[in-house]
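Q: Quick one: structure below, then a few questions.
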Amino acid sequence: MRTMETNEAGLIARIVAGEKELFHELIRPYERMVYLTLFSIVKNETEAEDGAQETVISAYRHLASFRGDAKFSTWLTTIAINEGRKRLRKAKGAAEESIEEEVEAHEGDYSPAPLTDWREIPLEALERKELREALRVAVAELPDIYRQVFTLRDLEELSVEETAQALGITTGTVKVRLHRARILLQKRLVPFLKTTAPARRGFFGRAL
Amino acid sequence: MKLDCKHVWEHISEYIDGSVEAKLREDIERHLEHCEICSAILDSTRNILILTADDRTFELPVGYSKRLHERLKEEIERSKQEPRVGEPE
């Protein structure tokens, strides 16, 4: 995305100046990101799509207030996060229960699952559909605060700083949550990965 | 400094991101050279991240983009009645 930035600033200026149709072009590289951000919060396809549309419309309406001190992607992600949180509160019907206040309350075990019988997942393993499915399920089941950081950082590939800015948390918190999310996923997925271990080691029961 | 496995695990995420300081990176790398367990953990975690970033893992609903741009088109048409876009409501 880095090479697009100059072009992007130019696009934004033209849209604000009146070439409104160009907004289609501006938003296209970020469609996926907007949807995934919403999905990481609301965890429902229909809600995520509705929320993504609202996010894009809102970004269009407020484009002139984008100052360019943050990256456009970060600005857009912030709108998406707010939209997602709004929908979540509505669904829960409890405006008081602020998700922003959720913290690392529980002391969990964040040690990875040890593997001893192979060094690398064979490339074919990454091509297996059930591994993708297992990963989707594992990500969906992460605690919310970990899933959101993981989504922005590892799925949408924002930097630590951008992730912190978009979520309104410190970079230190991003790192802690990201670390825990990754370890939790590694732990959950190891049983799936092990089924691809050499046959002579025997069949590893598919524990998940 | 000689690191034990647990110490390596604590830094695995930052190590993957390349954000550990040089000295610690060296210690971790020295540990990885002889520790099969930590190497496997590192590889598996890395591979999970590769899989995560693969577009086929997290797919968008069919027709999502088309519906999004249709909705946007309507909004743009509507806003053409107004002199400028982007003014606060």
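Values in this text are rule-based calculations from the coordinates and carry no lab data. No experiment lies behind these values; they were computed from the predicted model shown. As a convention, Cβ positions derive from the backbone with ideal geometry for all residues, glycine included, and neighbour counts pool all protein chains shown.
Q: Hey, if you put +1 on the Cβ of every Lys and Arg and -1 on every Asp and Glu Cβ in the range A:2-92, which of A:SER73, A:PHE23, A:ILE12 ends up farthest toward the positive end of that dipole?
A: Among A:SER73, A:PHE23, A:ILE12, the one farthest towards the positive end of the dipole of the range A:2-92 is A:SER73.
Q: While we're looking at this one, here's another question. Hey, got the dipole for the range A:2-92? About the Cα centre, +1 on K and R Cβ, -1 on D and E Cβ, debye to the nearest 20? Write out the running numbers ahead of the final one.
A: Numbers: 15 positive and 13 negative charges, 92 e Å.
In total the dipole reaches around 440 debye.
Q: May I ask you to evaluate 6.51 cos²θ - 1.76 cosθ + 1.60, the Karplus curve with θ = phi - 60°, for each residue of the range A:184-192 and list the ³J(HN,Hα) values in order in whole Hz, giving x for glycine and proline?
A: 4, 5, 4, 4, 5, 8, 3, x, 5
Q: While we're looking at this one, here's another question. Once the principal axes of the Cα atoms of chain B are found, what is the range along each, listed largest first in whole angstroms?
A: Result for chain B: principal-axis Cα extents of 69, 31, 15 Å.
Q: Scanning chain B for trypsin sites (Lys or Arg not before Pro) in DSSP loops with at most 10 other Cβ atoms within 10 Å, what's the longest stretch left with none?
A: Numbers: sites that count: B:LYS2, B:ARG56.
Maximal segment without exposed cleavage sites: B:3-55.
Q: In the range A:1-61, which GluC sites (Glu not before Pro) are in a loop and have at most 16 other Cβ atoms within 10 Å, using DSSP for the loop call?
A: Details: sites: A:GLU5, A:GLU8, A:GLU19, A:GLU21, A:GLU25, A:GLU31, A:GLU45, A:GLU47, A:GLU49, A:GLU54; in loops: A:GLU19, A:GLU21.
The qualifying sites are A:GLU19, A:GLU21.
Q: For chain B, list the cysteines whose Cβ sits under 4.7 Å from no other cysteine Cβ?
A: Result for chain B is B:CYS5, no neighbouring Cys Cβ within the cutoff.
Q: Work out the FRET efficiency for A:GLU161 and B:ARG71 from their Cβ-Cβ distance, taking R0 = 41 Å, and round it to the nearest 0.05. Mind dumping the intermediate values first?
A: Numbers: r = 32 Å, r/R0 = 0.77.
After rounding, the FRET efficiency stands at 0.85.
Q: Using modelled amide H (1.01 Å from N, peptide plane; none on Pro or chain starts), what sits under 5 Å from the amide H of A:GLU21, excluding residues fewer than 5 places away?
A: For A:GLU21, whose amide H was placed from the backbone, there are no distant partners under 5 Å.
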